[in-house]
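**Student:** Have a look at this one.
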Amino acid sequence: MYKERLLTPGPTPIPQRVLQAMELPMLHHRSDVFKKHLAKACEGARWLFGWDSDPIFLACSGTGAMEAALLNCCSPGDTIISVNGGVFGARWGKIAERLQIQVKEIEVAWGAAVTLEQVREAVASAPHAKAFCIQHAETSTTVLHPVSDVLAEVKRLAPSMLTIVDGISSCATTPMPGGPSTLDMYIAGSQKALMLPPGLSLMALSSHAWQVVESTPKRTLYFDLATERKSLKSGETSWTPASTIIVGLNAAIEIFREEGLEEIYARHSLLSRMARAGVQALGCELLAPDAACPSVTGFFPPPSVDADALRTAVRSRFGLRLAGGQGKFKGKILRIGHMGYVDPFEVSAAISAIGLCLASSGAKVDMSGATIACLQCL
Ligand SMILES: Cc1ncc(COP(=O)(O)O)c(C=O)c1O
């Protein structure tokens with residue numbers, strides 16, 4: 001028997017209860033039944049984000065929501081500051097370029113977190129930038145940026161600069177950074193710790209962000225957030241929504257409520273500690289030794305072992321799918337996704353599987369030491 005298991009940083013495993021909720025006969029998105037699901041999803045997302053304002057639901061993957069954020073608050077010729085410490089940090093710049101927005105990038109070494117000094121320098125050199133954009137978790141380098149402190153610093157130096165946070169791979173693994181006074185736009189994506197299929201993005205906006213959105217000349221129809229907000233007030237979305245995933249979101253949020261947010265964050269912190277202790281005890285080097293990420297752990301295998309061959313071996317022997325590297329880490333690292341519907345047993349089993357495959361490829365490995373290091377975190 002071969003069972004496929006996903007420990008990738010998106011998509012992630014989906015609980016049976018969520019799958020079953022999505023098995024309902026297809027609902028019409030203008031029906032009263034669906035409107036009830038949408039209202040419940042709004043309430044659930046407000047609870048998850050801890051914000052009063054209604055979230056916006058977009059039928060797109062995370063990149064679409066990043067683009068929607070810039071489209072709605074920037075005009076051609078505006079400048080943004082973005083933190084570029086990996087593939088997703090670089091994406092702000094790519095989107096901005098297509099939209100004729102100037103970018104002042106803070107270049108961060110891959111595997112490191114941005115520093116407040118870098119933030120201060122960038123804001124001082126572009127004090128009139130329209131927005132400051134950052135990932136909370138930079139999934140490609142498995143780094144959690146110190147976003148609460150970063151946002152506070154940006155707002156201290158430039159109170160009207162919009163802060164936009166990509167929380168796509170951190171939402172529901174760690175508290176949302178900042179609050180409505182320092183965080184203006186927050187983006188989450190369904191296929192990560194929300195335990196859902198891909199195709200739904202959520203956004204939360206502060207009142208300051210809404211003011212900017214309302215006063216920015218419109219240049220997108222599909223991603224017009226102001227119109228979307230108006231539609232939501234009448235209980236609908238502007239366009240055909242990712243309705244099945246919204247129904248699934250309500251089931252996922254029920255599960256979150258049962259576990260409790262603090263417990264969810266504690267579980268992700270535990271999974272991260274287990275993964276980090278396990279791979280280090282296997283003789284592997286952590287990719288982000290100083291910026292532990294609750295959702296994903298990256299590591300370099302020992303120099304004698306090919307990273308992609310190791311990943312393939314783990315998949316073919318154990319059915320366990322891990323992620324490889326992206327961008328300049330392609331072929332050099334492995335990433336263990338441990339977000340969403342993942343528990344300590346799975347991370348411990350992943351460490352054992354990686355250990356066995358390392359040993360089979362000739363590396364000298366202390367397998368029992370690694371399992372103990374991992375389990376001692378419990
Ligand atoms: C932090 C982060 N931002 C953005 C994205 C892009 O999201 P999508 O692939 O859903 O467009 C991802 C996807 O992995 C991500 O991890």
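**Student:** Can you confirm whether S190 is over 18 Å from Y265 (Cα atoms) and of a type in the set (S, T, Y)?
**Tutor:** no
**Student:** Of everything in segment 38-92, what is over 19 Å from A226 (Cα atoms) and among the aromatic types (F, W, Y)? Give them in sequence order.
**Tutor:** W47, F49, F88, W92
**Student:** Is it the case, given these coordinates, that V83 is away from the ligand (no atom under 16 Å from the Cβ) and touching a helix residue (DSSP H, G or I) at 6+ places or on another chain (Cβ under 6 Å)?
**Tutor:** Considered against the rule, which asks whether it is away from the ligand (no atom under 16 Å from the Cβ) and touching a helix residue (DSSP H, G or I) at 6+ places or on another chain (Cβ under 6 Å), V83 comes out as no.
**Student:** Considering only strands (runs of 3 or more DSSP E) fully contained in segment 27-112, which possess at least 3 residues that are without any contact (Cβ under 8 Å) to a residue 40 or more places away in the chain and either open to solvent by 60 Å² or more (accessible area, probe 1.4 Å) or closer than 23 Å to T142 by Cα (or both)?
**Tutor:** 102-107
**Student:** I would also like to ask the following. Return the residues of segment 1-26 that are touching a residue at least 24 places away in the same chain (Cβ under 8 Å), under 17 Å from P241 (Cα atoms) and loosely packed, with under 15 Cβ neighbours inside 10 Å; say none if nothing qualifies.
**Tutor:** L24, M26
**Student:** Separate question: In segment 239-255, is there at least one residue being farther than 27 Å from Q16 by Cα and away from the ligand (no atom under 16 Å from the Cβ)?
**Tutor:** For segment 239-255, residues farther than 27 Å from Q16 by Cα and away from the ligand (no atom under 16 Å from the Cβ): present.
**Student:** Right, something else. For the condition within 21 Å of G340 (Cβ to Cβ) and assigned by TED's automatic domain parsing to the domain that holds A137, what is the one hit in A112, A69, A90, A45?
**Tutor:** Sole residue among the options that is within 21 Å of G340 (Cβ to Cβ) and assigned by TED's automatic domain parsing to the domain that holds A137: A45.
**Student:** Please identify the pairs in which a residue from segment 253-268 that is within 24 Å of C374 (Cα to Cα) has its Cβ atom under 8 Å from the Cβ atom of a residue that is of a type in the set (V, I, T), counting only partners at least 6 apart or on another chain.
**Tutor:** Here the result reads I264/T173; Y265/T173; Y265/T174; H268/T173; H268/T174, each pair linking segment 253-268 to a residue that is of a type in the set (V, I, T).
**Student:** Another question about this same structure. Would you check if L38 is more than 16 Å from the ligand (Cβ to nearest atom), at pLDDT 95 or above, in the same structural domain as S160 (by TED's automatic domain parsing) and among the aliphatic types (A, V, I, L, M)?
**Tutor:** yes
The values are calculated or read from the model by the stated rules, or taken from the named source; none is laboratory data. Predicted model, so just to flag it, every value in this text is computed and none were measured. As a convention, Cβ positions derive from the backbone with ideal geometry for all residues, glycine included, and neighbour counts pool all protein chains shown. Remember, those area values only see protein heavy atoms, side chains included, never the ligands or the DNA or RNA. Shrake-Rupley method; radii C 1.70, N 1.55, O 1.52, S 1.80 Å.
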